[in-house]
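Student: The structure is given below, and queries will be raised subsequently.
The values are calculated or read from the model by the stated rules, or taken from the named source; none is laboratory data. Fair warning: this is a prediction, and the values are worked out from it, not measured in the lab. Please note: Cβ atoms are built from the backbone with ideal geometry, for glycine as well, and neighbour counts cover all protein chains shown. Protein only, heavy atoms only, side chains kept; ligands, DNA and RNA dropped before computing areas. Shrake-Rupley method; radii C 1.70, N 1.55, O 1.52, S 1.80 Å.
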Protein chains: 2
Amino acid sequence: MRSVGVWFSALGLLAVLCCSFLGSAEGGKVLVIPVDGSHWLSMKILVKELMHRGHEMVVLVPESSLLMNSSEGYRTLVYKVPYTKTQLDGSFTQLQESVFVNAPAFTDLFFNVELLVNFTSFQAKGCRSLLNQQPVLSQLRAEGYDVVLTDPFLPCGPILSRILGIPAVYFMHVLPCEMDLKANQCPVPLSYVPKFFSGNTDVMTFPQRVKNNIMALVEFYLCRVMYAKFDELVSEYVEESMTYKNLLSHGDIWLVRSNFVFDWPKPVMPNMVFIGGINCEKQRPLPADLEEFVEGSGKHGFIVFTLGSMVSSMPEEKAQQFLDAFRQIPQRVLWRYTGVELKNVPKNVKLMKWLPQNDLLAHPKAKLFLTHGGSHGVYEGLCNAVPMLMLPLFGDQADNALRMVSRGIAEKLTVYDLTTDKLLVALNNIINNKSYKDKMVKLSAIHRDHPIQPLDLAVFWTEFVMRHKGAAHLRVAAHNLNWFQYHSLDVIGFLLIVVLTALWLTLKCCLFCTHKLCRKVMVKRKVE
Amino acid sequence: MRSVGVWFSALGLLAVLCCSFLGSAEGGKVLVIPVDGSHWLSMKILVKELMHRGHEMVVLVPESSLLMNSSEGYRTLVYKVPYTKTQLDGSFTQLQESVFVNAPAFTDLFFNVELLVNFTSFQAKGCRSLLNQQPVLSQLRAEGYDVVLTDPFLPCGPILSRILGIPAVYFMHVLPCEMDLKANQCPVPLSYVPKFFSGNTDVMTFPQRVKNNIMALVEFYLCRVMYAKFDELVSEYVEESMTYKNLLSHGDIWLVRSNFVFDWPKPVMPNMVFIGGINCEKQRPLPADLEEFVEGSGKHGFIVFTLGSMVSSMPEEKAQQFLDAFRQIPQRVLWRYTGVELKNVPKNVKLMKWLPQNDLLAHPKAKLFLTHGGSHGVYEGLCNAVPMLMLPLFGDQADNALRMVSRGIAEKLTVYDLTTDKLLVALNNIINNKSYKDKMVKLSAIHRDHPIQPLDLAVFWTEFVMRHKGAAHLRVAAHNLNWFQYHSLDVIGFLLIVVLTALWLTLKCCLFCTHKLCRKVMVKRKVE
């Protein structure tokens, strides 16, 4: 593996500095190491806000990227990667196609692991390439950053933070295998914290708890598979005996794009900062044509339909099923669709290559959000109090959907066996049954009720780490203990030995005394 | 016990409504059920702030009280209690005297438990009396409160909140026996979360961890003793099968007067809101005579000496030891002292019946804070970055001192065996060794660096509970599980049985097959 990185490094294409530098000299210097794809969309919100507050932002961008093409004002530092944009897009086309034909089952877990390993292997290659580009590393070292802002979904950020000796702020939603919780020593009681892909909520029957425990055992094995490449990178570039989990444990602050309206309540750690809803933007005016279309929906209102930034097309046959359902409802539909041209598109449906999702959901006539259940979309639905019909495709989407369904603000369908009838029933049910909207309004009110806005909170903690050169006071001492010590198994063993020894000695003493007494009695009797 | 309450109820002295009503009709209605003594001092800060924000505040005050005499603008509702002010003061005089003569040891724990049980038995009597005053309860029910703000150190608040069906916000520092954490299902790993009175920090050697585990076992027994009276009250007035722990678990928000500058980092729960430093007030100008005294201290500065709101005098002999030490240092000393008149008070010492502690600590010439280590004082020391010499007396004070000493910003002495020499060495060390001040300045900067001020945070969450009629979304599902289920012991047992059965069946099958095979071979051989 290393040879690939060295080879690419040998290409000698050094970082290209581009774009404007807007950071103020008075602010701090922030090195941003994001993860490509939808992950970048919400991190960008924080990056732009930090820039507006006068910090110098430098974003490390791979040469071939899915969504990180424009710099939007901050400085970017582009590095060579050993794959092309076509190869990267190819892996996603494969992903897009597979989700419309596979039946979800228990094997979902393995399917998702395979998808994940495929995606991360590309990214791990890119990371190795970057770590071999000594001139880039020297430049980063010389520039004297105050903090590394990174998404620990991929290892490059945490590794660089450690190599360069700069405190790290992590920005993420969830990590596969609950690696975030494990690395941060956060207790996860299996009796009421459901495992991902288990289909459990926080209230479980006995069989569900059995399943949850078995999933934890399976996860233990899968984690090793999933993080093998990352562990390899860490032991090669940071410290030989270090795993990715050990490395992650050095993060100062974990900005978690979640909250307890979205997630079920569970134990947390002092350095976990919940910023769910960071992408709740204010409504901006719609373009004139869209405004006319949605206003024209009358009392029936309209539906917003997108399957996220990564999946915007689908097989024609599947698309026709959607159109057949939409034809039979009085609502208008706005559909983000980039696939082959569709025939017989009904008049109440408007296909668009891109749509202003949040602004549409914020419109008072928005009746329903037809979504794949990506965390960004779910939060926009929550912020704007629009009930959802969810079609989870991969990753955390099935679990996101489960959370929303369990709260009575959404329904869920599987896209692979979707029929026009199923879709119609679900759409009519959510739109016409007042309970979905009522519960959503209540939950949305709670969701938007913060002592401080999530974006301001994220900015505060990033600046806090800059001001105090970390947040060591929030790091638990558990990091110094091994598994055996953490669970006090050595102490329990020791106390057991002490108690058993004491019992044994007492027993021996009793026996000895009884024996002595008996002998004395015997002797006395004999004498008598 | 009940008869006492009924008897006092029969006295028929109904609640006396007094004082001005400043709450705005637009705000909410808050029923405040505080705990007397120093606990009230910080809760009062929140009560006054809520009042200023337009909420109608009604404070339930026992007729005989230590520190809750003046109403300061909010409405008070006074209820009869079966003890007099003299009896109450008497119990404290006994406490004051004992702390200057007893040697602290492992038995400290038992000593503290005894003190606590004595104090709480008075209060439990008062609570029983209140719960028997039906007219008061009817009035409270009729007034339609939005929230009960209470200190769960005593049971009256949580019981009334439950009886009246009003959501509860708890305001506290720590509860004996970690009852707060237990009731709120917060995990407490014994390997790095030190037990109170153990003398351990969060980094423990093996023997210290053994001690921590043993303390947990002892605590298990002591808790039953300590909370027996409260359990009795709860099962009598709320639900027969309910314990105080069960009752507390229904609290919506726990406003915890702590943070991780003060405490060691550990797991927390989503409904725990940390408001440590809520009593960090802005400096107000000193009275002219005090200003002159402290300004006159020149480059040597001055020392602030108080032993808290509950202990303001001491045996004369002990007081003379302090004076002898103060006589030998160049600093001036301001001492809150209300005991017998002292002879030979040196010129650099000013004795006062009361002193503006925070304003003095905020003065740039304040060099050292000589304190008993009550949480209020410790936070004022932290807020104003003044190193401390701590003389813990009882309750949580020894543990508070341990926290500060472990951070290198304080030293600790025991008051019972204090000598002039020991005091002199400690004073000179802290004042002249720069490291105490340097560390304190750093820690104080972290302590004061909040995304939102603790008082605003406390107000926000109290109002949140009013707005949303509770905070059910933060309540973990663990409350529905028993101890066995919570630790998944039933699941582990079941899985073990399944695995062992499977192994046994496999073994049986193997044996059966081997047997069959052997027989076949034997038959074949015989045939041959």
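Student: What are the residue pairs meeting all of these: first residue in segment A:454-481, first residue within 9 Å of chain B (Cβ to nearest Cβ), second residue acidic (Asp, Glu) and surrounded by 20 or more Cβ atoms within 10 Å (Cβ to Cβ), Cβ atoms under 8 Å, and 6 or more apart or on different chains?
Tutor: A:ALA471/A:ASP252; A:LEU474/A:ASP252; A:ARG475/A:ASP252
Student: Here is a further query. Could you check B:ALA477 against (1) under 28 Å from B:MET204 (Cβ atoms); (2) open to solvent by less than 40 Å² (accessible area, probe 1.4 Å) and say which number it fails?
Tutor: (1)
Student: So, one more: Among all residue pairs at least 6 apart or on different chains, which show Cβ distances below 9 Å where the first residue, located in segment A:390-411, is on the phi > 0 side of the Ramachandran plot and the second is open to solvent by less than 30 Å² (accessible area, probe 1.4 Å) and of a type in the set (Ser, Thr, Tyr)?
Tutor: A:GLY408/A:TYR436
Student: Give segment A:140-150 a look and list any residue that's touching a residue at least 24 places away in the same chain (Cβ under 8 Å) and surrounded by fewer than 24 Cβ atoms within 10 Å (Cβ to Cβ), or say none.
Tutor: A:LEU140, A:GLU143, A:GLY144, A:TYR145, A:ASP146
Student: Please return the ranges of helices (runs of 4 or more DSSP H) entirely within segment B:268-384 where 3 or more residues are farther than 23 Å from B:HIS39 by Cβ.
Tutor: Helices (runs of 4 or more DSSP H) meeting the threshold: B:288-295, B:316-327.
Student: May I ask you to verify whether A:GLY395 is part of a loop (DSSP other than H, G, I, E, B) and either surrounded by fewer than 18 Cβ atoms within 10 Å (Cβ to Cβ) or of a type in the set (Lys, Arg) (or both)?
Tutor: Here the answer is no, as A:GLY395 does not meet what is asked.
Student: Within segment A:1-33, can you find the residues that are modelled with pLDDT of 50 or more and open to solvent by 20 Å² or more (accessible area, probe 1.4 Å)?
Tutor: Correct list: A:GLU26, A:GLY27, A:LYS29.
Student: Among the candidates A:SER235, A:SER241, A:SER258, A:SER249, which residue alone is of a type in the set (S, T, N, Q), within 14 Å of chain B (Cβ to nearest Cβ) and over 22 Å from A:SER444 (Cβ atoms)?
Tutor: A:SER249
Student: For segment B:244-253, does any single residue satisfy the condition of being under 24 Å from B:GLU49 (Cα atoms) and open to solvent by less than 10 Å² (accessible area, probe 1.4 Å)?
Tutor: yes
Student: Anything in segment B:127-163 that is closer than 20 Å to B:ARG467 by Cα and not in a helix (DSSP H, G or I)? List them, or say none.
Tutor: Answer for segment B:127-163, where residues must be closer than 20 Å to B:ARG467 by Cα and not in a helix (DSSP H, G or I): B:GLY144, B:TYR145, B:ASP146, B:VAL147, B:VAL148, B:LEU149, B:THR150.
Student: Whether any residue in segment B:129-143 is within 20 Å of B:THR76 (Cβ to Cβ) and basic (Lys, Arg) is what I want to check.
Tutor: Looking for residues that are within 20 Å of B:THR76 (Cβ to Cβ) and basic (Lys, Arg), one finds at least one in segment B:129-143, hence yes.
Student: Can you find, within segment B:322-344, the residue that is nearest to B:LEU389 (Cα to Cα) among those that are at pLDDT below 90 and either open to solvent by less than 70 Å² (accessible area, probe 1.4 Å) or in contact with a strand residue (DSSP E or B) (Cβ under 8 Å, 6 or more places away or on another chain) (or both)?
Tutor: Here the answer is B:TYR337.
Student: If you don't mind, another one. Residue under question is A:LEU382, and the condition is that it be buried (at least 22 other Cβ atoms within 10 Å of the Cβ), farther than 24 Å from B:GLY470 by Cα and in the same structural domain as A:LEU323 (by TED's automatic domain parsing); does it hold?
Tutor: no
Student: Out of everything in segment A:165-218 that is away from every other protein chain (no Cβ under 14 Å) and assigned to a loop (DSSP other than H, G, I, E, B), what residue ends up being surrounded by the fewest Cβ atoms within 10 Å (Cβ to Cβ)?
Tutor: The extreme case among them is A:GLY165.
Student: I'd like the residue in segment B:422-444 that is among the aliphatic types (A, V, I, L, M) and open to solvent by 40 Å² or more (accessible area, probe 1.4 Å) and, out of all such residues, is farthest from the other protein chains (Cβ to nearest Cβ).
Tutor: B:VAL425
Student: With the structure loaded, tell me whether B:ARG403 is surrounded by fewer than 18 Cβ atoms within 10 Å (Cβ to Cβ), more than 9 Å from chain A (Cβ to nearest Cβ) and under 27 Å from the mean Cα position of the chain (by Cα) or whether it fails that test.
Tutor: no
Student: Here is a further query. Could you pull out the residue among B:ASP421, B:ASP438 that is charged (D, E, K, R) and within 23 Å of B:ARG327 (Cα to Cα)?
Tutor: Answer to the selection: B:ASP421.
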